[in-house]
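S.K.: Got a structure for you, written out below as structure tokens; questions coming shortly.
Each value in this text was obtained by applying a stated rule to the coordinates, not by laboratory testing. This is a predicted model, so every value here is computed, not measured. Here the Cβ positions follow ideal geometry from the backbone for every residue, glycine too, while neighbour counts run over all protein chains shown.
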Amino acid sequence: MISHAQLSAKLLRDAAVFFRTIGDQNPPLKIQMDENANVFEQVADLVEQDPTGVIADE
């Protein structure tokens, strides 16, 4: 069985792969797509490490 947090992390990582693929196929978008992929991977890490964590307001 998979938890909601695990599923969320998987979807975020899959989206990161998608962004990287788009960037690889479209050089003018590569920098932005790589940045998007990095953000999605960072959020996936957060969800995996602390599924019920809270981000403090700035």
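S.K.: So how far apart, in nm, are the two label points at VAL17 and VAL54 if each is 7 Å from Cα heading toward Cβ?
M.R.: In this crude spin-label approximation the distance works out to 3.5 nm.
S.K.: Then there's this: Tilt of helix 30-49 relative to the longest C-alpha principal axis of the chain, in degrees (0 to 90, nearest 10)?
M.R.: With rounding to tens, the tilt is 10 degrees.
S.K.: If you place +1 on the Cβ of every Lys and Arg and -1 on the Cβ of every Asp and Glu, how big does the dipole about the Cα centre of segment 4-48 come out, in debye to the nearest 20?
M.R.: 120 debye
S.K.: When Cα extents along the principal axes in Å is calculated directly from the model, which label among [x] 27, 22, 19; [y] 51, 16, 11; [z] 37, 36, 11 fits?
M.R.: Identified label for the calculated read-out: [z].
S.K.: In addition: Using a basic spin-label model with each label point 7 Å from the Cα along Cα→Cβ, how many nm lie between MET1 and LEU29?
M.R.: 3.9 nm
S.K.: Here is a follow-up. Given the options PRO51, LEU7, THR21, identify the residue whose Cα lies farthest towards the positive end of the charge dipole of the chain (+1 on Cβ of Lys, Arg; -1 on Cβ of Asp, Glu).
M.R.: Value computed over the given set: THR21.
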